[in-house]
Each structure stands twice: as structure tokens, then as C-alpha cells.
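Notes follow the structure.
The values are calculated or read from the model by the stated rules, or taken from the named source; none is laboratory data. This structure is a prediction, so every number in the text was calculated from the model and none was measured. Every residue, glycine among them, receives a Cβ derived from its backbone with ideal geometry; neighbour counts consider all protein chains shown.
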Amino acid sequence: MTKSLVIIPTYNEKENVAKIIQAVFSLSIPFHILIVDDGSPDGTADIVKDLQKEHSGRLHLLQRLGKQGLGTAYIAGFKWGLENNYDYIFEMDADFSHNPSDLERLH
């Protein structure tokens with residue numbers, strides 16, 4: 001079975017992070033998610049940590065100190081995905097500017 005990862009960078013996304021995680025996990029393909037959080041002061045990472053209890057093994061969190069930028073967040077996520085032997089790696093934003101259902105079409 002192939003392993004597929006969705007990288008979602010976050011910074012102050014407490015309003016969206018649980019919704020985007022649920023949207024991806026509701027798809028028919030069992031995607032894993034890596035949230036790359038840039039030290040959000042609004043508690044985004046805490047929400048992800050709580051959700052990890054429900055989605056053990058599928059929801060991962062990479063916490064970075066301070067806002068380091070979107071590009072470096074994706075690079076860190078891709079490195080993490082390669083180190084963890086994912087076959088497919090996708091990226092999307094937490095604000096729903098990308099439609100999660102497109103992941104199935106692209107897979």
C-alpha cells in the first residue's frame with residue numbers, strides 16, 4: 001500500500017486547522033497529514049496536538065520556532081516526508097484556497 005502525505009503549513013490558523021484536517025481525513029484515500037507550524041501564538045499547534053489523539057499515526061506536527069516563511073515550511077515538510085518514506089507528497093494551504101477533494105483526483 002502506498003503512503004501519501006499532505007503538507008499543510010500554518011501560522012495563526014486556529015479557525016481553519018481542525019476543519020482542513022477533517023476535510024482531508026474524510027476523503028476516501030487514507031492520507032496522512034503533516035502540519036508545519038511556525039510558532040503560531042494563537043494556539044494552532046495546541047489544536048493539532050489535541051487532534052493527534054484521535055488520529056494517531058496519521059496526523060503529524062512539526063513545530064518551528066518563529067515565523068520562518070511558507071517556502072521553508074514546505075521544504076521542511078518535503079524533507080520530513082522523504083525521511084519518513086512517503087510515496088506521494090502533496091501540499092495545500094490551511095485556508096481552503098485549495099479544495100481538499102482535488103487530492104483524490106491528483107493522487
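Considering only the stretch 57-85, state which residues are small (Gly, Ala, Ser), under 14 Å from the mean Cα position of the chain (by Cα) and surrounded by fewer than 18 Cβ atoms within 10 Å (Cβ to Cβ). Reasoning before the result, please.
Within the stretch 57-85, the subset small (Gly, Ala, Ser) is 57, 66, 69, 71, 73, 76-77, 81.
Narrowing further to those that are under 14 Å from the mean Cα position of the chain (by Cα): 57, 73, 76-77, 81.
Hit for the stretch 57-85 is Gly57, nothing else.
Could you list, in sequence order, the residues of the stretch 31-53 that are over 19 Å from Asn99 (Cβ atoms) and part of a loop (DSSP other than H, G, I, E, B)? Within the stretch 31-53, Asp38, Gly39, Ser40, Pro41, Asp42, Gly43, Lys53 meet the criteria.
Say we look at the stretch 1-26 and pick out the residues that are at pLDDT 95 or above and of a type in the set (S, T, N, Q); which of these is nearest to the chain's Cα centre (by Cα)? Step through it out loud before you land on a result.
As a first pass, look at the stretch 1-26 and keep what is at pLDDT 95 or above: 3-26.
Narrowing the set further to residues that are of a type in the set (S, T, N, Q) leaves 4, 10, 12, 16, 22, 26.
On the way: Ser4: 12, Thr10: 8, Asn12: 14, Asn16: 12, Gln22: 11, Ser26: 14 Å.
Going through the qualifying residues, I end up with Thr10.
For first residues located in the stretch 80-97 and polar (S, T, N, Q), partners that are at pLDDT 95 or above and lie 6+ apart or on another chain with Cβ distances below 9 Å form the pairs Asn84/Lys3; Asn84/Leu5; Asn84/His32; Asn84/Leu34; Asn84/His60; Asn85/Lys3.
Being small (Gly, Ala, Ser) and loosely packed, with under 12 Cβ neighbours inside 10 Å is the filter here, so list the residues in the stretch 90-100 that pass it.
Of everything in the stretch 90-100, just one residue is small (Gly, Ala, Ser) and loosely packed, with under 12 Cβ neighbours inside 10 Å, namely Ser97.
The condition of being of a type outside the set (A, V, I, L, M, F, W, C) and assigned to a helix (DSSP H, G or I) holds for only one of Glu13, Glu104, that being Glu104.
Only residues that are farther than 20 Å from Tyr86 by Cα, touching a helix residue (DSSP H, G or I) at 6+ places or on another chain (Cβ under 8 Å) and surrounded by fewer than 20 Cβ atoms within 10 Å (Cβ to Cβ) were counted in the stretch 15-38, giving 1.
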